[in-house]
Amino acid sequence: MKPIADLLTPERIVDLDTVQKSDALLTLTCLIARFSAIPDADLLLQRIIEREALMSTGIGIGIAVPHTRLDGITDFVIALGRSKTGIEYDALDGKPVHLIFMIIAPEISRSEYLKLLARITVRLKDRTFYDAIMTADLPTDIYNLLARDA
């Protein structure tokens, strides 16, 4: 499995200025569509919303990992949204979300998909690492933190 930083670019890291889950998901899907080989932001948003309708991907402790699989892509694509104020996300612990890692996976990569979800979740549960991402100044600083963590 590739390092997380290989699936993300600084262009797909953004500070979110919304408190609404729907706005955050729209922003991240547009980033992915703009800076990756996934051209259809509307389809991507539809798939993410369908997944959220099954169960919130807000896993608690300030983290959400919205995700879906799509036909026609050959590798994982990740976007990261950071909210300093927090987003009402219907997280499992009922608290606002501050980091949203959106993961788009190839349709055929079920086991790698689950491993990537677990890797991101476990890494972000490290409060020192989480705090470093939250206090980083620029998207490139966040990207470099993730790249060092490979």
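We did not get these values from a lab; they are worked out from the coordinates using the rules stated. Remember, predicted model here, so these are calculated numbers, not experimental data. For neighbour counting, all protein chains shown are included, and Cβ atoms are generated from backbone atoms with ideal geometry for every residue, glycine included.
Here are the numbers:
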{"quantity": "Where Cα atoms sit under 18 Å apart: lysine pairs in the stretch 4-148 separated by 8 or more or lying on different chains", "calculated": "6"}
{"quantity": "Computed helical MRE - 222 nm, the chain, DSSP H runs ≥ 4 contributing -39500 (n - 2.57), nearest 500", "calculated": "-13000 deg cm²/dmol"}
{"quantity": "Neighbour-count ranking [beta-carbon atoms within 10 angstrom, fewest first] of PHE129, PHE101", "calculated": "PHE129, PHE101"}
{"quantity": "GNM result for the chain, Cα springs below 10 Å: residue of ALA79, ALA33, ALA132 fluctuating most strongly", "calculated": "ALA132"}
{"quantity": "Residue among GLY81, GLY72, GLY62 with the largest mean-square fluctuation in a Gaussian network model of the chain, springs linking Cα atoms under 10 Å", "calculated": "GLY72"}
{"quantity": "Reciprocal of mean inverse Cα separation for the stretch 4-148 (Kirkwood radius, Å)", "calculated": "15.0 Å"}
